[in-house]
Amino acid sequence: QNLRVQASRAGRKGKTVTVITGFQAQPETLNALLKQLKAQCGTGGTLKDDILEIQGDHKQKILQILVGLGYKAKISGG
């Protein structure tokens with residue numbers, strides 16, 4: 001799995017979210033990962049079509065967490 005972590009505001013009324021794409025896992029696994037990321041970032045988030053969305057710009061923090069968990073992840077976009 002090559003995960004991409006990026007911050008996005010498109011279509012969210014100016015609110016920034018960190019978007020993580022590239023998952024090939026079961027929804028149960030993604031829900032557990034989402035819960036862990038939300039707890040470590042201290043913010044909300046959601047799972048839409050195998051794409052994790054975390055509220056706020058947490059690119060660096062999420063990248064460190066994912067790499068620590070053994071995922072192959074990169075920051076994408078500016």
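Would you pick out the residues in the range 63-78 that are of a type outside the set (A, V, I, L, M, F, W, C) and open to solvent by 80 Å² or more (accessible area, probe 1.4 Å)?
Looking only at the range 63-78, we keep the residues that are of a type outside the set (A, V, I, L, M, F, W, C), and these are 64, 68, 70-72, 74, 76-78.
Within the range 63-78, 64, 72, 74, 78 qualify.
Just need a number here: residues in the range 1-32 that are hydroxyl-bearing (Ser, Thr, Tyr), closer than 20 Å to residue 72 by Cα and part of a strand (DSSP E or B). Break it down into steps so the answer makes sense when it comes.
Just the residues of the range 1-32 that are hydroxyl-bearing (Ser, Thr, Tyr), to begin with: 8, 16, 18, 21, 29.
With the extra rule that they be closer than 20 Å to residue 72 by Cα, the set shrinks to 18, 21, 29.
Okay, now just the ones that are also part of a strand (DSSP E or B), so 18, 21.
Of the residues in the range 1-32, 2 are hydroxyl-bearing (Ser, Thr, Tyr), closer than 20 Å to residue 72 by Cα and part of a strand (DSSP E or B).
Name the single residue that is surrounded by the fewest Cβ atoms within 10 Å (Cβ to Cβ) among those in the range 33-55 being part of a strand (DSSP E or B) and of a type outside the set (A, V, I, L, M, F, W, C). So that I can check it myself, show each step before the final result.
Narrowing the range 33-55 to residues part of a strand (DSSP E or B): 45-48, 51-55.
Those still in the list that are of a type outside the set (A, V, I, L, M, F, W, C) too: 45-46, 48, 53, 55.
Details: 45: 18, 46: 12, 48: 8, 53: 17, 55: 17.
Top of the filtered list is 48.
Search the range 49-73 for residues that are over 13 Å from residue 37 (Cβ atoms) and pair each with any residue that is open to solvent by 60 Å² or more (accessible area, probe 1.4 Å) when their beta-carbon atoms are under 6 Å apart and the residues are at least 6 apart or on different chains.
That search, which allows pairs on different chains as well, returns 72/2.
Could you check the range 2-32 and list, in sequence order, the residues that are open to solvent by 70 Å² or more (accessible area, probe 1.4 Å), among the basic types (Lys, Arg) and either free of Cβ contacts under 8 Å to residues at least 24 places away in the same chain or within 16 Å of residue 50 (Cβ to Cβ) (or both)? Full working, then the answer.
Just the residues of the range 2-32 that are open to solvent by 70 Å² or more (accessible area, probe 1.4 Å), to begin with: 2, 4, 9-11, 13, 15, 24, 26, 28, 31.
Among the residues that remain, those that are also among the basic types (Lys, Arg) are: 4, 9, 13, 15.
The answer is 4, 9, 13.
The values are calculated or read from the model by the stated rules, or taken from the named source; none is laboratory data. Note that the structure is a prediction, hence the values are computed from the model and not measured. Neighbour counts run over all protein chains shown; Cβ positions are idealised from the backbone, glycine included. When the accessible area is computed, the model is the full protein with side chains, heavy atoms only, and any ligands, DNA or RNA have been set aside. Shrake-Rupley method; radii C 1.70, N 1.55, O 1.52, S 1.80 Å.
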